[in-house]
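Just below is one structure, and these are the notes that go with it.
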Amino acid sequence: MSKTVLVTGASSGIGYQICKDLLTKGERVIGLSRTIDKSHPLNEFERFIPWQCDLSDITQAGDLFQTLIDNIGPIDALIYAAGVCYHEPFGQTKMNSITEQLNVNLVSAFLLCEQAVEHMAKQSAIILLSSTLAEKPIATSAIYSASKAGLEQVMKASALAGAAKQISVNAVALGCVDTPMLSQHRDDNLEQQTRLKALADLHPLGLGKAQEVAQIITTLLFQPWTTGSVIKVDGGLSLN
């Protein structure tokens, strides 16, 4: 029987590839992002449902599950792939970047986990996308790292709360994956290709590919006895 999966951050990057992988396998996907609409390429799939929501505005996340259930029907799984990362020199962090990163990466994720545990049926699943920067930050990632470290604790609390309904909850801690987020501007005076090569060199297996990461995540979705775990998918970055 096919599942209905809510995927946040669906418009691009890893979230897009997760949606595509699930849809190819015959699942029904609600793809959520702040910009997604009927013109998005994922609408080529009959079982794709676009849903606009700005997760940086936590009021929009407050009753999202109930709204989706009322309009679409029961949801069997949540994959939280939405994320925002601003690399800023320590001591020059902007207040709006603090708020956006915490709201998108942590607070809205927490709110959706609470709602998922409440509204989803027994033996459902939640997967949250984290980062190796949660465990090992760099000087420019203080808020991003803090938000992802907090997200991993939200995962563990959600796993405990969901156990009574046999809802599995896990996080996947990613290394650097070749996505639009990785290519965004940084104040490091490096050309984009120079920076990407330097990042790739940190990983024994090079940069990750969004499609390969998506396949790992969608496979984990159907492993019901795995819960409360942070699973590293980092091309060997953590070996360094």
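Coordinate-derived values only; no laboratory data. Keep in mind that this is a model prediction, so the values were computed, not measured. Quick reminder, even Gly has a Cβ in these numbers, built from the backbone with ideal geometry, and neighbours come from all protein chains shown.
Some observations on this one:
- Sorted ascending by nearby beta carbons within 10 Å, beginning with the fewest, Y16, Y86 become Y86, Y16.
- Scattering curve values for the chain, log₁₀ I(q)/I(0), Debye with Cα scatterers, q = 0.08 Å⁻¹: -0.28
- Per-residue Cβ neighbour rank within 10 angstrom, fewest leading, M1, M95, M155: M1, M95, M155
- Dipole of the chain computed with +1 at Lys/Arg Cβ and -1 at Asp/Glu Cβ about the Cα centre; of A164, L207, T99, farthest Cα towards the positive end is A164.
- Considering helices alone, the calculated mean residue ellipticity of the chain at 222 nm is -11000 deg cm²/dmol, with DSSP H runs of length four and up weighted by -39500 (n - 2.57) and normalised per residue.
- If R0 is taken as 22 Å, the Cβ-Cβ distance between I72 and R34 corresponds to a FRET efficiency of 0.75.
- FRET efficiency for A164 and Q223, using Cβ-Cβ distance with R0 set to 22 Å, rounded to 0.05: 0.70
- Length gained on full extension, A121 to I138: 2.2 nm, using 0.36 nm per residue less the C-alpha separation.
- Put simply, when 167-175, 142-150 are sorted by average Cβ atoms within 10 angstrom per residue, most first, you get 167-175, 142-150.
- 3J(HN,Hα) from dihedral phi, segment 38-50, Karplus parametrisation 6.51/-1.76/1.60, rounded to Hz, x for glycine, proline: 5, 8, 5, x, 5, 5, 5, 8, 4, 9, 9, 10, x
- In segment 4-239, Cα pairs under 8 Å separated by at least six residues give a relative contact order of 20 percent.
- Other-chain or far-sequence residues with amide H under 5 Å of A10's (modelled H): L32, S33
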